1. Can you find even one residue in segment 247-266 that is more than 24 Å from SER160 (Cβ to Cβ), surrounded by 13 or more Cβ atoms within 10 Å (Cβ to Cβ) and free of Cβ contacts under 8 Å to residues at least 12 places away in the same chain?
2. Out of PHE60, PHE72, PHE104, I need the residue that is among the aromatic types (Phe, Trp, Tyr) and under 10 Å from the mean Cα position of the chain (by Cα). Which one?
3. Has segment 199-207 got any residue that is more than 21 Å from ALA116 (Cβ to Cβ) and not in a helix (DSSP H, G or I)?
4. Take the residues in segment 73-109 that are touching a residue at least 60 places away in the same chain (Cβ under 8 Å) and under 18 Å from LYS224 (Cα atoms), then tell me which one is surrounded by the most Cβ atoms within 10 Å (Cβ to Cβ).
5. I'd like the full set of residues that are free of Cβ contacts under 8 Å to residues at least 12 places away in the same chain and outside any helix (DSSP H, G or I), limited to segment 211-230.
6. Could you please find all residues in segment 162-183 being buried (at least 18 other Cβ atoms within 10 Å of the Cβ) and not in a helix (DSSP H, G or I)?
7. Of all residues in segment 233-250, which are outside any helix (DSSP H, G or I) and among the acidic types (Asp, Glu)?
Amino acid sequence: MADEGKLSQVAEEPVVLVEKRGNIEIITLNRPKAGNSVNGDLAQALDTALNHAEEDDKVFAVVLTGAGNRVFCAGADVKYMAQYGAAGTKIPGHGFGGLTERYFSKPLICAVNGAAMGGGLEMALVCDLIVAAEHAKFGFPEVKLGIIAAGGGPIRIMRSLNRAMAMELLLTGEGISAERAKEIGLINRAVPAEALMDTAIGLAEKIAENAPLAIRGTKELACKSVDMEVEEAFELSNTIRDRVRASEDAKEGSLAFREKRAPVWKNR
């Protein structure tokens with residue numbers, strides 16, 4: 001285990017900000033002067049914030065964004081790694097930034113406020129939905145630097161795009177605009193910068209109107225069944241179906257429908 005003193009950086013303010021709006025939690029990478037790059041402190045803080053959001057029954061969906069309007073996340077903090085190495089930027093079991101190897105059971109929406117290149121794009125690709133400011137840029141420039149995107153980029157991009165577009169991004173190292181990213185299906189929305197957070201939060205709120213256990217079950221089935229044989233996928237589907245049907249919320253949903261009123265979800 002690396003020396004904690006080496007992995008800690010003195011910061012004037014928290015490197016990750018957390019804000020709650022009803023059942024939505026907003027997590028902000030807060031190192032704008034360093035391009036919101038990942039050092040030891042940010043990795044630990046983001047991992048902790050996501051752990052808490054995962055465990056909090058009152059959080060139905062999470063929005064992840066970056067401070068400022070220039071960069072969502074510039075990947076690993078090069079100065080930090082030069083001094084301490086890359087170990088502190090990764091959390092065991094959860095990967096780069098405490099995010100790239102994590103399965104997060106609740107809906108995760110990325111609000112890309114600026115460039116998301118390399119490690120930044122790898123973090124965005126973990127999210128279920130991506131909304132970007134129109135000036136945002138996406139790409140994997142690692143091959144131009146003689147390295148590979150090792151935080152899951154090639155793995156996830158091949159699951160997000162068709163093979164031709166994914167390989168073009170990976171092998172050319174060239175960046176693309178938010179509009180182009182939307183055209184090829186890499187992101188959900190490209191909006192003016194001033195509308196970014198309202199759009200992302202609006203999507204989160206729309207999701208949070210639905211039964212949280214049903215949403216989590218749907219995400220679990222969608223994510224885990226991708227590479228399964230059809231028979232195995234239906235076995236998983238039946239298991240999740242039975243679990244969700246047995247919940248109080250499933251009964252509440254039917255009752256509210258019959259009574260023609262909005263359901264009151266208890267997340268159990």
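1. Yes, because at least one residue in segment 247-266 is more than 24 Å from SER160 (Cβ to Cβ), surrounded by 13 or more Cβ atoms within 10 Å (Cβ to Cβ) and free of Cβ contacts under 8 Å to residues at least 12 places away in the same chain.
2. Among PHE60, PHE72, PHE104, only PHE104 is among the aromatic types (Phe, Trp, Tyr) and under 10 Å from the mean Cα position of the chain (by Cα).
3. There is no residue in segment 199-207 that is more than 21 Å from ALA116 (Cβ to Cβ) and not in a helix (DSSP H, G or I).
4. So, considering only residues that are touching a residue at least 60 places away in the same chain (Cβ under 8 Å) and under 18 Å from LYS224 (Cα atoms), the one surrounded by the most Cβ atoms within 10 Å (Cβ to Cβ) is PRO107.
5. ASP227, MET228, GLU229
6. GLY175, ILE176
7. Within segment 233-250, none qualify.
A quick yes/no check of all residues on (1) touching a strand residue (DSSP E or B) at 6+ places or on another chain (Cβ under 9 Å); (2) not aliphatic (A, V, I, L, M):
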{"residue": "LEU64", "(1), (2)": "yes, no"}
{"residue": "ARG70", "(1), (2)": "yes, yes"}
{"residue": "ALA82", "(1), (2)": "no, no"}
{"residue": "LYS106", "(1), (2)": "yes, yes"}
{"residue": "ALA124", "(1), (2)": "yes, no"}
{"residue": "GLU134", "(1), (2)": "yes, yes"}
{"residue": "GLY139", "(1), (2)": "yes, yes"}
{"residue": "MET158", "(1), (2)": "no, no"}
{"residue": "ARG163", "(1), (2)": "no, yes"}
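Read-outs: derived from the displayed coordinates by stated rules, not from any lab. Here the structure is a predicted model, which means the values were calculated and not measured. Note: ideal-geometry Cβ built from the backbone for every residue, glycine included; neighbour counts use all protein chains shown.
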